[in-house]
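First up is the structure itself, then whatever we jot down about it.
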Amino acid sequence: MSSTKLVIRSDRKAFGKTTIYVQYTHKSAKKKFSTGYSIAPNCWNGTAGKATGTSKEIVEFNARLQIIKGRIDKIVQDAILVGEEPSFALVEERLKGLSNSSSKLPELLKQEKSSNQDFLELFAENINVTSASKSHGTIKHYKSTLNHLKAYASKRSIKLTLSYLDTNFYHDFVQFLTKELEMTNGTVNNQLKRVKVVMSYALDKGLTDNIAFRKFKLLKHTEADVIYLTQSELQILFEADLSSEPRMAKVRDLFVLGCTTGLRHSDFSIIRPENIENDQLVLRTIKTGDWLRLDLNQYSRTILQRYPNGLPKLSQQKFNEYVKELGQHCGIDKSILVVHYQGTKRIMERVPKYSLLSSHTGRRTFVTQSLERGMPIEVLQKFTTHKDLKTLMRYAKVADEQKKLQMEKAWG
């Protein structure tokens, strides 16, 4: 196994300054490559492998060190990909070829700074290398952001390089998303978050020292109303006679299952008969990888009994399309006020409730109704696998009738 880290000489701590090295470990052996930079030992965090401090100068200094370290990482990774042994000799030879020096690397910084690495190519690379650790839905969102970046670059007739992503890009990209693509601020923020993730990826790999992306501020927005089904609405769906609408009946069953288990679409889509053990659903969640033992109830038990050979399959896109149709068919049409921002413009509109239904509505319904029905929050947290209560409570919304009931109970 090969690895790199930034270190200083432990036997030089009595000196005023000591050289910073990239220590390359391969097959338990170690070799140090000088970065050409030095530092006072008391200003060095050996555990983190960086200079201590948060000033602009220190941040930039650490970024330069990461660029140098990242060059060696890339040499090693490229060698492994083509089946070469990433030996000390190979790394040193490749470094000489890049810097035209012995084993010192300061010139590599200048070389990287002047490069015009394509940010779109790096974005696509990030999608590929993280595809195994991210859910299908998350990867789909990243691909969507990549398409928006491509559209922006095409519209502006520019090449998006790592150095191009500065505050001027930020303001113009936000303008493009809000004015030309007419995105709400919440959606724009999602694009900005993914851009920042990939720029952090580039910084960690030592491909850039551009840290302007850290100043990309999220826009003011109002979170979408936490839509959920009331107990009466859930009962209407559960009892609806859809015998003449087999497609809609399958969507209803999947939706009710989500509402009464709290499972995400990605999780109830993989349920097989063998996942049912002792009146529990036992599965590893797709998004977090957590093992979940979910006790069945009268609703989920009935739904699962209808499909002894496994639940029907439906993509999330189709599910979200059909569940709105289901809500309209069953009269889930209460008028809902929706408020959102587009740039500085505040937009208010009333829409029928069925138009806001999605697979995530099921999870919100489960959280809200579980609390309404008296389930202790610490037990609910076990079922939803949320790591903290703050995140869990974002899914909860107290119904008006429940508020009235609690007020009367408390005050009479």
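Each reported figure results from applying straightforward, stated rules to the coordinates on display, with no laboratory input. All of these numbers come straight from a predicted model, not from anything done at the bench. Reconstructed Cβ throughout: ideal geometry from the backbone, glycine too, with neighbour counts over all protein chains shown.
Can you give me the relative contact order of the chain as a percent, contacts being Cα pairs under 8 Å and 6 or more apart? Don't skip to the end; give the middle numbers.
Values: 533 pairs, mean separation 52.0, N = 412.
Computed value for the chain: 13 percent relative contact order.
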- [ ] Evaluate E = 1/(1 + (r/R0)^6) for Val379 and Ile236, where r is the Cβ-Cβ distance and R0 equals 30 Å; express this FRET efficiency to the nearest 0.05.
- [x] 0.65
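Given 25 °C and 0.890 mPa s, how large is the Stokes-Einstein diffusion coefficient of the chain in µm²/s, with Rh as the Kirkwood radius over Cα pairs? List each step's numbers first, then the result.
Values: Rh = 25.5 Å.
It diffuses with D of about 96 µm²/s by this estimate.
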Open item on the list: Please arrange Ile286, Ile58, Ile347 by how many other C-beta atoms lie within 10 Å of their C-beta, fewest to most.
Closed with: Ile347, Ile58, Ile286
- [ ] Figure the gain on full extension for Lys313 and Thr391 (residue separation times 0.36 nm, minus the Cα-Cα span) and round it to one decimal in nm.
- [x] 25.2 nm
- [ ] Would you give the gap between the C-alpha center of region 345-365 and the C-alpha center of region 10-79, rounded to a whole Å?
- [x] 51
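Suppose R0 equals 35 Å. What FRET efficiency, 1/(1 + (r/R0)^6) with r the Cβ-Cβ distance, do Lys74 and Asn320 give to the nearest 0.05?
Details: r = 40 Å, r/R0 = 1.15.
The calculated FRET efficiency here is 0.30.
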Open item on the list: Can you compute the label reach from His136? Point 7 Å from Cα along the Cβ direction, backbone N cut-off under 13 Å, restricted to region 234-277.
Closed with: 265-271
- [ ] For region 119-215, calculate the relative contact order in percent as a whole number, restricting contacts to Cα pairs under 8 Å that are 6 or more residues apart.
- [x] 34
TODO: Using R₀ = 45 Å, calculate the FRET efficiency as 1/(1 + (r/R₀)^6) where r is the Cβ-Cβ separation of Thr302 and Leu218; round to 0.05.
DONE: 0.55
Open item on the list: Could you work out the pair-distance distribution P(r) of region 231-411 from its alpha-carbon pairs, with 5 angstrom bin width and percents rounded to whole numbers?
Closed with: 1, 7, 15, 19, 19, 17, 12, 6, 3, 1, 0
- [ ] Can you tell me how much longer the chain between Lys17 and Arg293 gets when fully stretched, taken as 0.36 nm per residue apart minus their C-alpha distance, in nm with one decimal?
- [x] 93.7 nm
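Among Ile211, Ile271, Ile303, what is the fewest-to-most ranking by other Cβ atoms within 10 Å? Each step should come with its number before you reach the end.
Values: Ile211 15, Ile271 19, Ile303 22.
The fewest-first ordering by Cβ neighbours comes to Ile211, Ile271, Ile303.
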- [ ] Quick one: order Cys43, Cys330, Cys259 by neighbouring beta-carbon count within 10 Å, fewest to most.
- [x] Cys43, Cys330, Cys259
Task: Debye intensity ratio I(q)/I(0), log10, region 121-262, q values 0.09 Å⁻¹ (C-alpha model) - done: -0.44
Open item on the list: Using 0.36 nm times the number of residues separating Val197 and Thr47, minus their current alpha carbon distance, what extension gain do you get?
Closed with: 51.6 nm
TODO: Obtain the nm distance between the two label points defined at Asp166 and Asp204 by a simple spin-label model: each point lies 7 Å from its Cα along the Cα-to-C-beta direction.
DONE: 2.7
Open item on the list: Run lengths n ≥ 4 of DSSP H only: what is the helix-derived mean residue ellipticity at 222 nm for the chain, with -39500 (n - 2.57) per run over all residues, to the nearest 500?
Closed with: -15000 deg cm²/dmol
